[in-house]
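First comes the structure, then the notes that go with it.
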Amino acid sequence: MWLSDAQKIGVALTTFGTLFMFLGIMLFFDAALLALGNMLFLSGLTLIIGPQKTFYFFARKQKLRGTICFLGGVLLVFFKYPFIGMVVETFGFLNLFGDFFPVVLTFLRQLPFVGTFLSLPYIRPVVDRLTGSRTSAV
């Protein structure tokens, strides 16, 4: 699958947004870095899947609680309450994107070193429980 130029820019913006949010957390919840990371992440997501699909993703009835928490957390970060904002935003993020974690886990288990680490006897059940993965009976 080939990405358009706008989608490539969206991937870069989303990556930089995640990096800025990580840096903002590492630098003791720096509000400016967290706000910049939020803006980059949301604009990158919009460029990747398009404005209409982004609106429909956030406006779905079953995702309403996650949307309110995520956007409320973004607003709290903008209003200089970074710690509380990130806690609320993380709760919203987990509600919005929690369905993708088993897919990401399956992808990570196919990688050479990461897959071996995730399949270790004491780590596998913990990761499965955290992502909500179901084990096959076969």
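The values are calculated or read from the model by the stated rules, or taken from the named source; none is laboratory data. The model shown is predicted, which means the values in this text are computed figures rather than measured ones. In this analysis, Cβ positions are derived from the backbone assuming ideal geometry, glycine residues included, and neighbour counts consider all displayed protein chains. Each accessible area value is taken on the protein alone, full model and side chains, heavy atoms only, with ligands, DNA and RNA left out. Shrake-Rupley method; radii C 1.70, N 1.55, O 1.52, S 1.80 Å.
The set of residues in region 1-19 that are open to solvent by less than 80 Å² (accessible area, probe 1.4 Å) and free of Cβ contacts under 8 Å to residues at least 24 places away in the same chain comprises Leu3, Ser4, Thr18.
Run down Phe22, Phe58, Phe70, Phe79 and say which single residue is over 23 Å from Asp99 (Cβ atoms) and either among the aromatic types (Phe, Trp, Tyr) or surrounded by fewer than 18 Cβ atoms within 10 Å (Cβ to Cβ) (or both). Break it down stepwise before answering.
On the way: Phe22 fails: over 23 Å from Asp99 (Cβ atoms); Phe58 fails: over 23 Å from Asp99 (Cβ atoms); Phe70 fails: over 23 Å from Asp99 (Cβ atoms).
Checking each option against the conditions leaves just Phe79.
Being in a helix (DSSP H, G or I), in contact with a Gly (Cβ under 8 Å, 6 or more places away or on another chain) and not aliphatic (A, V, I, L, M) is true for just one of Phe100, Phe91, Phe113, Phe107. Which residue is that? First the steps, then the outcome.
Numbers: Phe100 fails: in contact with a Gly (Cβ under 8 Å, 6 or more places away or on another chain); Phe113 fails: in contact with a Gly (Cβ under 8 Å, 6 or more places away or on another chain); Phe107 fails: in contact with a Gly (Cβ under 8 Å, 6 or more places away or on another chain).
Only one candidate qualifies: Phe91.
Remark: pairs (first residue in region 60-78, under 9 Å from Asn95 (Cα atoms) and of a type in the set (D, E, K, R); second residue in a helix (DSSP H, G or I) and open to solvent by 20 Å² or more (accessible area, probe 1.4 Å); Cβ separation under 8 Å; 6+ apart in sequence or on different chains) = Lys63/Phe57; Lys63/Asn95; Arg65/Asn95.
Looking at region 116-138, which of its residues are part of a helix (DSSP H, G or I) and of a type in the set (D, E, K, R)? Those that are part of a helix (DSSP H, G or I) and of a type in the set (D, E, K, R): Arg124, Asp128, Arg129.
Looking only at region 105-125, filter to residues that are closer than 30 Å to Tyr56 by Cα and open to solvent by less than 70 Å² (accessible area, probe 1.4 Å); which one of those is farthest from the chain's Cα centre (by Cα)?
Of all residues in region 105-125, those closer than 30 Å to Tyr56 by Cα come to 105-108.
Now restrict to residues that are open to solvent by less than 70 Å² (accessible area, probe 1.4 Å): 105, 108.
On the way: Leu105: 14, Leu108: 15 Å.
The extreme case among them is Leu108.
When the criteria are applied in full, Thr46 fails the requirement of being β-branched (Val, Ile, Thr) and either open to solvent by 70 Å² or more (accessible area, probe 1.4 Å) or within 20 Å of Val88 (Cα to Cα) (or both).
Going by what's in this entry, would Phe83 be described as aromatic (Phe, Trp, Tyr), touching a residue at least 40 places away in the same chain (Cβ under 8 Å) and more than 30 Å from Leu3 (Cβ to Cβ)? Working first, answer last.
Details: aromatic (Phe, Trp, Tyr): yes; touching a residue at least 40 places away in the same chain (Cβ under 8 Å): yes; more than 30 Å from Leu3 (Cβ to Cβ): yes.
So Phe83 passes the test.
Going through region 70-101 one residue at a time, which ones are charged (D, E, K, R) and touching a helix residue (DSSP H, G or I) at 6+ places or on another chain (Cβ under 9 Å)? Spell out how you get there, then give the answer.
From region 70-101, those charged (D, E, K, R) are 80, 89, 99; that's our starting set.
Once the filter is applied, which keeps residues that are charged (D, E, K, R) and touching a helix residue (DSSP H, G or I) at 6+ places or on another chain (Cβ under 9 Å), region 70-101 yields Lys80, Glu89.
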